[in-house]
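Visitor: Take a look at the following structure, please.
Please treat every number below as a calculation from the coordinates, not as lab data. From a predicted model like this one, the values you see are computed outputs, not experimental measurements. FYI the Cβ positions are ideal-geometry reconstructions off the backbone, even for glycines, and counts take in every protein chain you see.
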Amino acid sequence: MTLGRKASIIEVTATIGDSVQTFVTDRHHHNTAQSLDQKRLVKQLLEGRQILETINKPEYTEDGRVTPWHHHPAVVMWKGHESALLSYLTAIKAEMVHRGYKYEANWDAILGAMTELADKDMIGAGNPSWIVNTDVYDNVIATHRASLYRKDSEHYAEWCDEHGDVCCTACNYYWPGHVA
């Protein structure tokens with residue numbers, strides 16, 4: 001029995017859960033980078049790399065199955081706007097350099113993935129609609145701040161009153177483009 005597209009997206013999302021996330025806590029990427037604790041800051045380059053590598057793969061396998069992570073909300077929110085993701089990741093890298101953290105392996109892979117996308121003429125320019133729409137952007141920021149507070153209430157104490165509207169009952173975030 002073949003699952004429909006919507007069922008496949010939900011299945012992939014449920015399987016992956018929160019394993020891929022680019023945290024957006026401010027309208028300015030450098031402020032987001034500065035706000036993140038060490039664990040989440042360092043993880044952002046890896047997760048950005050995973051998103052770009054996923055975008056680089058075909059959406060479906062030869063036997064018609066969804067490629068893992070392809071419909072994960074973190075991938076969907078950046079797909080078609082890879083230059084905006086690179087801008088985000090550049091701010092993350094700059095903060096890692098400032099704090100003296102290693103970044104080279106993931107950064108080299110990110111640049112390699114961007115080169116592959118450029119070779120395929122697949123780099124989307126401009127900001128995604130969720131950044132352009134200030135109400136949506138503010139909701140993304142609020143739910144990301146709330147999630148970070150739940151993960152580390154001491155580091156993110158200033159966001160103890162943050163919330164926002166999540167996209168569905170299965171999520172702790174508002175994922176732009178998430179199909180529930």
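Visitor: How about region 27-104: which GluC sites (Glu not before Pro) there lie in a loop by DSSP and see at most 11 other Cβ atoms within 10 Å?
Guide: Working: sites: Glu47, Glu53, Glu59, Glu62, Glu82, Glu95, Glu104; in loops: Glu59, Glu62.
Filter output for region 27-104: Glu59, Glu62.
Visitor: Using 0.36 nm times the number of residues separating Asp161 and Leu46, minus their current alpha carbon distance, what extension gain do you get?
Guide: Between Asp161 and Leu46, full extension yields 38.5 nm more.
Visitor: Here's something else I'd like to know. What's the local net charge at Ser153, with K and R +1, D and E -1, over the other residues with C-beta under 15 Å away?
Guide: Summing Lys/Arg as +1 and Asp/Glu as -1 gives -1.
Visitor: What nm distance separates the two modelled labels at His30 and Asn172, each placed 7 Å from Cα along Cα→Cβ?
Guide: Result for the modelled spin labels: 3.0 nm.
Visitor: Within region 106-177, report the chymotrypsin sites (Phe, Trp or Tyr not before Pro) that DSSP leaves as loop and that have at most 15 other Cβ atoms within 10 Å. Walk me through the intermediate numbers first.
Guide: Numbers: sites: Trp107, Trp130, Tyr137, Tyr149, Tyr156, Trp159, Tyr173, Tyr174; in loops: Tyr156, Tyr173, Tyr174.
Loop-located and lightly packed - none at all.
Visitor: Compare the Cα positions of His29, Val136, Pro73 along the charge dipole of the chain (+1 at Cβ of Lys, Arg; -1 at Cβ of Asp, Glu; about the Cα centre) and return the one farthest towards the positive end.
Guide: Checked the options; the winner is Pro73.
Visitor: For the chain, what does -39500 (n - 2.57) per DSSP helix run (n ≥ 4), summed and divided by total residues, give at 222 nm, in deg cm²/dmol to the nearest 500?
Guide: Values: 8 runs with 98 residues, N = 180.
Theoretical 222 nm ellipticity from helices: -17000 deg cm²/dmol.
Visitor: If you take the alpha carbon radius of gyration of region 88-180 and divide it by 2.2 N^0.38 Å, what ratio comes out, to two decimals?
Guide: 1.34
Visitor: Can you list the lysines whose alpha carbon sits under 27 Å from that of Lys151, skipping same-chain ones fewer than 8 residues off?
Guide: Reachable lysines: Lys39, Lys43, Lys79, Lys93, Lys102.
Visitor: Here's something else I'd like to know. Restricting to DSSP loop positions (anything but H, G, I, E, B) with no more than 14 other Cβ atoms inside 10 Å of their own Cβ, which trypsin sites (Lys or Arg not before Pro) remain in region 98-180?
Guide: On the way: sites: Arg99, Lys102, Lys120, Arg145, Arg150, Lys151; in loops: Lys102, Lys120.
Answer in residue order: Lys102, Lys120.
Visitor: Moving on to the next point. Each label point is 7 Å from the Cα along the Cα-to-Cβ direction; what then is the distance between the points at Asp121 and Asn56, in nm?
Guide: Rounded to a tenth, the inter-label distance reads 2.0 nm.
Visitor: What percent does the relative contact order of the chain come to when contacts are Cα pairs within less than 8 Å and at least six residues apart? Don't jump to the answer; show the numbers that get you there.
Guide: Working: 217 pairs, mean separation 43.6, N = 180.
Reported as a whole number, the value is 24 percent.
Visitor: Could I ask something else about it? May I have the extent of the alpha carbons of the chain along their three principal axes, as whole Å values ordered from largest to smallest?
Guide: Taking max minus min along each principal axis of the Cα atoms, the chain gives 48, 37, 27 Å.
Visitor: Note down the magnitude of the dipole of the chain about its Cα centre, charges +1 on Lys and Arg C-beta and -1 on Asp and Glu C-beta and zero elsewhere, to the nearest 20 debye. Numbers along the way, then the final one.
Guide: On the way: 17 positive and 24 negative charges, 35 e Å.
Computed about the Cα centre, the dipole is about 180 debye.
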